[in-house]
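*Asks:* This is the structure I have questions about; it appears just below.
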Amino acid sequence: MVLFRSAAPVAPPGALAARVLPPPYKAWGGRQRPTLCPPRRRSGNPARHRLLLAAFFPFLPSPPSGLAARGAAAAAAVRRGKMAWNGARPPRLLLPLLLALALPAAAERSPGPGPADNLLVFTVATKETDGFHRFMQTAKHFNYTVKVLGKGEEWKGGELANSIGGGQKVRLLKEGIQSYADQEDLIVMFVECYDVIFAGGPEELLKKFQETSHKVVFAADGLIWPDKRLADKYPVVRSGKRFLNSGGFIGYAPYINRIVQQWNLQDNDDDQLFYTKIYVDPLARERLNITLDHKCAIFQTLNGAVDEVHLNFEEGKVRARNSMYETLPITVLGNGPTKIYLNYLGNYIPNAWTRETGCSICDLDMLDLSTVTEYPRVKIGVFIEQPTPFLPKFLDRLLTLDYPKEALSVFIHNNEVYHEKHIKKFWEKAKNMIRNIKIVGPEENLSQAEARNMGMDLCRQDDACEYYFSIDADVVLTNPKTLKILIEQNRKIIAPLVTRHGKLWSNFWGALSPDGYYARSEDYIDIVQGNRVGVWNIPYMANIYLIKGQTLRSEMKEKNYFMRDKLDPDMALCRNAREMTLQREKDSPSSETFHMLRPPKGVFMYITNRHEFGRLISTANYNTSHYNNDLWQIFENPVDWKETYINPNYSKIFTDNIVEQPCPDVFWFPIFSDTACDELVEEMEHFGQWSGGKHQDSRISGGYENVPTDDIHMKQIGLDNEWLHFIREFIAPVTLKVFAGYYTKGFALLNFVVKYSPDRQRSLRPHHDSSTFTINIALNKVGEDFQGGGCKFLRYNCSIESPRKGWSFMHPGRLTHLHEGLPILNGTRYIAVSFIDP
C-alpha cells in the first residue's frame, strides 16, 4: 500500500519521530521559514490514516473499537515489512500532518459534557461523622450519585506519631473502581467527605471538566505537601496554583483506574505523595493526560487561600467565589487548618441559608416532643464559678423551666462561700420538685475544669441520661421553653444564643484567630442582632449548651474534655469536640501546613437564634462587701436591675395613666418592687449607723440640720452614684409627665432613708424641703410593719395616712408644700427621700 512518494530510502519506524523535523528547520533562526512538502498523492481514506497512526503512535487515543483489530494488524504488517513507503524519502514534517489526520478520530472518541448519569462520585468514610452527613446532604441537594467506600472498616490511614497518611483511601478506591474500569464514557470523581461540600451541580461539573481537554484533573493547592523537595519537579505555572492536592480529582474511569492500580503501598503511607510522584513524572503525566485545576474552576482548596474565597449570594442559592481567579468552584475542600472556615461557608452553601428564604435546613430531622409519652431524661449542670449578681433569680428560673420535673436531675457546683445562703434557699424549694440534686460546694476545692468534667461524666455514666444541659450562673434564661426547643432541634451539641444587653458580647464565636482565640466572622453581627436567623455551625460556644448523652458515650467518651494545654475549660471543650487530629509538618515554614492523620471525631457545635432565649449578665466589678450587693448593679447590668428593683407597674405610668393625685400637686405612683424595698431596708439596718435625729450633723454642709431625721445617707453606704442614676433613669421621665415643661437635672445633694419608730423618732415637724421637688418612697407596709404615720400637707389640709409600699410621692419642695410627718403608733416605718434639683 503506497501512502507517500519520496526519493529517499525508507526510514525504519523507530527513526521516524527523530526525523520529523529536518536539520534545516532546527537550524532556522530568522531566515526563510521552511515549507511543508506535501505528498504527491494522498489516500482519501481517513480510516486507513488512523490505522497507520495506531501502528506508529500507540500513545495516541485509540481508534473506535471497530478499527482496533485492523489497526493492530496494520502495525504488525509494517513491522514485518509488508507495508513500505513508496519512494526513497519520507515527507518532511510528517508528525503535524499525522496529528491533523488523527483529529477526526479523537473527536469521534471524546464525548461532550454528557448526562449526569455518566458521573459517579467516590468517597471514603470509615465512620459517619457530622462532616460526612453534611457532605451527603449537599450531594443530595444536587442529585449526585455517590459511592461510599470503607464503611465500617477500621481506619488505618495514619498514626499520631507520623505526619503523613491516608493511603487507605487509595487502596479502597483501587478496589472500588475495578468494576468500572472498562466504562470509557464514565467520568469518576473522588473527593474527601469529612471536609468537602458541593457548591455546584453535575451538569456544571461535567462541562468544566470537558473544557480542560484532559483525561484527569486534580485539585490544585498553593502549598506543597508532603515533600517540599519535589517542588522543583512541578511544571511552572504562570497563573494559578501550582501544586497537587489529592483531596479531589476527576477523570475518565479507565484513566483513574490506571492511576490507582499502581498503588502497592501500605494503608498508612501517604496518598498525596503517591499521586504527586505520578504527576511530577513528565512521561506519566503525558501518558495519563493529567492536569491540575490551577484556577479553582472545579476544586477550591482553602488552605492558604481563605482570603481568596468569599460567599457569593445569588437568587435562592449561595456559591463560593474565588476572587483571585473570578471562578465559582464546584466543590470546596477545607484542607489543613481551614475546617472552621469551611463550616462557616457550609452555613450558607449551597442553600442552607439564603437571603430570599432564610434557613432552609433548620427544620430537617427535628424531633416533636408533643408526640412522646415520656420526655427524655436530662441532667442539668449548674456552675457558679465566681460571685454572680442576681443568683437567687437564676436559681428560681431553673424551677420554672417548661419541662417535666420528674425527668430532670441537677448537679450544682458552687465555688463561692458568698452564695451558700442562696444555694440553701434553692435546696429548700427544689428538693420536693426534682428527684435528684447533687451539690458540690467550695469546701471540695475543685477547679472549674474538674467540676465541669464531673457534671458531664454523671450523664455519660448514666445510660438513662439522654441529654446534658450545662448552664452557667451568668445566664439569664428568660424563655422557659428553652430546653424543649434545643432538644427538638436534634443536634449533637447545640447552644441557644444569649448576649449582653445592648452589646455584641455573646456566648459564641463565629471564627477563631490563628492562635485559637476570638475572631469576628463576617456574619457575627448579623447573627447577634437577629438580621440572619438560623442554626449555625460555630467553632466556639460557652455558658449554656445541650449535648446528647449518646454523643458523650461515643464520640466524646473521654472524661477530660475540659482540660487541654493551658486553655480555659470552655475553650478546651470546644477544641476537643471540633478538631480532627492535626500535626504540623516537621520544619514547616508555615503554620498552615497541616495534614489529616485519621478521620476526625469532628462533632459540630451549633448556635440557634431562632428564638429569644435570654441574655448574659456581667460578673465584672461585682463587689460582695455589701449585704445586698445587687443594689449596686444598675450600671453593670441595667436590665436585670430594672427587672429586680423597679415596680412591674412602672410602665403603666406612661401607658395607662395610673398616676394618682391625692393632694394638689402631690403625685403618687409605683416605683420600687417589694424586693427593692426590702433589700434597701436590710442594707441600711446592716450598716446600722442611724443619725439619731440630732441637729448637729457632720454629714451636711455647715454641720447643722434644722429639721433633723433619724436617717442614713446613700453616700454612707456607697450607693449615691447609683441612686442619682436611678433618679435620672426612672424619676425624671415621671417628672416630665406630671410637671409638663419642667426638665429636671436629676441631681440631689441629700438622698437618705428615714427610720420612724416610737422609741426614736415618732414624727417630723412641719417644714419645707430644700429642693425644687421631692420624692418620698414608702419602703414597708402600713398595718403590717407599723401603725400610724403618713404625711400631711398643711396648706391644703390634705393628709395621706396609708402609703403604699414601693410607691412614691412627688411634690414641690419649696414655698407651696409645707408638710409634716404624722406620728407613728407602733412598729417601724422606713421611707427613702431625695431633695432633687436643690
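The values are calculated or read from the model by the stated rules, or taken from the named source; none is laboratory data. This structure is a prediction, so every number in the text was calculated from the model and none was measured. Positions of Cβ are generated from backbone atoms using ideal geometry, with glycine treated the same way; all protein chains shown enter the neighbour counts.
*Asks:* In segment 195-218, how many are more than 22 Å from TYR279 (Cβ to Cβ) and of a type in the set (Lys, Arg)?
*Replies:* 1
*Asks:* Among the candidates LEU395, LEU446, LEU401, single out the residue that is assigned to a helix (DSSP H, G or I) and either of a type in the set (A, V, I, L, M, F, W, C) or under 27 Å from SER370 (Cα atoms) (or both).
*Replies:* That would be LEU395, the only listed residue that is assigned to a helix (DSSP H, G or I) and either of a type in the set (A, V, I, L, M, F, W, C) or under 27 Å from SER370 (Cα atoms) (or both).
Okay, residues lined up against (1) within 16 Å of VAL753 (Cβ to Cβ); (2) assigned by TED's automatic domain parsing to the domain that holds PRO387; (3) modelled with pLDDT of 95 or more:
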site: GLU643; (1), (2), (3): no, no, yes
site: ASN657; (1), (2), (3): no, no, no
site: MET684; (1), (2), (3): yes, no, yes
site: GLY693; (1), (2), (3): yes, no, no
site: GLN696; (1), (2), (3): no, no, no
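*Asks:* In segment 197-226, what count of residues is obtained for those that are under 16 Å from LEU333 (Cβ atoms), part of a helix (DSSP H, G or I) and among the charged types (D, E, K, R)?
*Replies:* Residues that pass the stated criteria total 1.
*Asks:* Can you list residue pairs whose Cβ atoms sit under 8 Å apart, with the first residue in segment 406-427 being at pLDDT 95 or above and the second being assigned to a helix (DSSP H, G or I) and among the acidic types (Asp, Glu)? Count only pairs 6 or more apart in sequence or on different chains.
*Replies:* Short answer, once both residue conditions are applied: ASN414/GLU420; PHE426/ASP396.
*Asks:* Identify all residues within segment 506-519 that are outside any strand (DSSP E or B) and either at pLDDT 95 or above or surrounded by 13 or more Cβ atoms within 10 Å (Cβ to Cβ) (or both); write none if there are none.
*Replies:* Selection gives ASN507, GLY510, GLY516.
*Asks:* Could you count how many residues in segment 421-446 are surrounded by fewer than 16 Cβ atoms within 10 Å (Cβ to Cβ) and closer than 17 Å to LEU458 by Cβ?
*Replies:* Total satisfying the criteria: 4.
*Asks:* OK, next. Looking only at segment 156-206, how many residues end up being farther than 14 Å from THR123 by Cβ, modelled with pLDDT under 95 and either buried (at least 24 other Cβ atoms within 10 Å of the Cβ) or among the hydrophobic types (A, V, I, L, M, F, W, C) (or both)?
*Replies:* 5
*Asks:* Listed residues THR301, THR354; which is buried (at least 17 other Cβ atoms within 10 Å of the Cβ), more than 30 Å from HIS214 (Cα to Cα) and touching a Gly at 6+ places or on another chain (Cβ under 7 Å)?
*Replies:* Result: THR354 is the single residue among THR301, THR354 that is buried (at least 17 other Cβ atoms within 10 Å of the Cβ), more than 30 Å from HIS214 (Cα to Cα) and touching a Gly at 6+ places or on another chain (Cβ under 7 Å).
*Asks:* THR371: farther than 30 Å from LEU206 by Cβ, of a type in the set (S, T, N, Q) and free of Cβ contacts under 8 Å to residues at least 40 places away in the same chain, yes or no?
*Replies:* Against the criterion (farther than 30 Å from LEU206 by Cβ, of a type in the set (S, T, N, Q) and free of Cβ contacts under 8 Å to residues at least 40 places away in the same chain), THR371 qualifies.
*Asks:* Listed residues ILE412, ILE380, ILE423, ILE434; which is assigned to a helix (DSSP H, G or I) and among the β-branched types (Val, Ile, Thr)?
*Replies:* ILE423
*Asks:* May I ask you to verify whether VAL146 is at pLDDT 95 or above, aliphatic (A, V, I, L, M), touching a strand residue (DSSP E or B) at 6+ places or on another chain (Cβ under 9 Å) and surrounded by fewer than 20 Cβ atoms within 10 Å (Cβ to Cβ)?
*Replies:* Considered against the rule, which asks whether it is at pLDDT 95 or above, aliphatic (A, V, I, L, M), touching a strand residue (DSSP E or B) at 6+ places or on another chain (Cβ under 9 Å) and surrounded by fewer than 20 Cβ atoms within 10 Å (Cβ to Cβ), VAL146 comes out as yes.
*Asks:* What tally of residues in segment 621-641 results from selecting those that are without any contact (Cβ under 8 Å) to a residue 24 or more places away in the chain and within 32 Å of the chain's Cα centre (by Cα)?
*Replies:* Qualifying residue count, segment 621-641: 2.
*Asks:* Still on this structure: When ASP463 is evaluated against the numbered criteria (1) under 29 Å from LEU345 (Cα atoms); (2) among the acidic types (Asp, Glu); (3) modelled with pLDDT of 95 or more, which criterion, by number, is the only one it fails?
*Replies:* Failed condition: (1).
*Asks:* Next question. Six or more apart or on different chains, Cβ atoms under 8 Å: show the pairs whose first residue is in segment 481-508 and farther than 18 Å from GLU374 by Cα and whose second is crowded, with 20+ Cβ neighbours inside 10 Å and acidic (Asp, Glu).
*Replies:* So the pair list comes out as LYS492/ASP130.
*Asks:* Separate question: How many of the residues making up segment 160-214 are of a type in the set (A, V, I, L, M), in contact (Cβ under 8 Å) with a residue 12 or more places away in the chain and over 16 Å from THR145 (Cα atoms)?
*Replies:* 5
*Asks:* Next question, about the same structure. Which residues, taken from segment 227-242, are in a helix (DSSP H, G or I) and of a type in the set (Lys, Arg)?
*Replies:* Listed by number, the residues that qualify are LYS228, ARG229, LYS233.
*Asks:* Restricting attention to segment 643-667, report how many residues are in a helix (DSSP H, G or I) and surrounded by fewer than 17 Cβ atoms within 10 Å (Cβ to Cβ).
*Replies:* Residues meeting the conditions: 4.
For (1) within 23 Å of LEU401 (Cβ to Cβ); (2) surrounded by fewer than 21 Cβ atoms within 10 Å (Cβ to Cβ), each residue gets a yes or a no:
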position	(1), (2)
ARG460	yes, no
VAL475	yes, no
PRO480	yes, yes
LYS484	yes, yes
ASN490	yes, yes
THR499	yes, yes
LEU504	no, yes
ILE527	no, no
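*Asks:* Collect the residues in segment 816-827 that are surrounded by 17 or more Cβ atoms within 10 Å (Cβ to Cβ) and of a type outside the set (Asp, Glu), keeping them in residue-number order.
*Replies:* Within segment 816-827, HIS817, HIS819, GLY821, LEU822, ILE824, GLY827 meet the criteria.
*Asks:* Between a first residue in segment 791-812 that is at pLDDT below 95 and a second residue that is crowded, with 17+ Cβ neighbours inside 10 Å and aliphatic (A, V, I, L, M), which pairs have beta carbons less than 6 Å apart while being 6 or more apart in sequence or on different chains?
*Replies:* Short answer, once both residue conditions are applied: SER802/VAL782; PRO803/ALA778.
*Asks:* Additional query: Take VAL753 and decide whether it is at pLDDT 95 or above, touching a helix residue (DSSP H, G or I) at 6+ places or on another chain (Cβ under 6 Å), outside any loop (DSSP other than H, G, I, E, B) and β-branched (Val, Ile, Thr).
*Replies:* Yes: the conditions hold for VAL753.
*Asks:* What number of residues within segment 291-309 are over 21 Å from the mean Cα position of the chain (by Cα) and farther than 24 Å from LYS207 by Cβ?
*Replies:* Within segment 291-309, residues that are over 21 Å from the mean Cα position of the chain (by Cα) and farther than 24 Å from LYS207 by Cβ number 0.
*Asks:* Please state which one of VAL318, VAL382, VAL372, VAL306 is over 26 Å from ASN609 (Cα atoms) and out of contact with any Cys (no Cβ under 8 Å at 6 or more places or on another chain).
*Replies:* VAL306
*Asks:* Being crowded, with 19+ Cβ neighbours inside 10 Å, assigned to a helix (DSSP H, G or I), in contact with a strand residue (DSSP E or B) (Cβ under 9 Å, 6 or more places away or on another chain) and touching a residue at least 24 places away in the same chain (Cβ under 8 Å) is true for just one of ILE727, ILE712. Which residue is that?
*Replies:* Result: ILE727 is the single residue among ILE727, ILE712 that is crowded, with 19+ Cβ neighbours inside 10 Å, assigned to a helix (DSSP H, G or I), in contact with a strand residue (DSSP E or B) (Cβ under 9 Å, 6 or more places away or on another chain) and touching a residue at least 24 places away in the same chain (Cβ under 8 Å).
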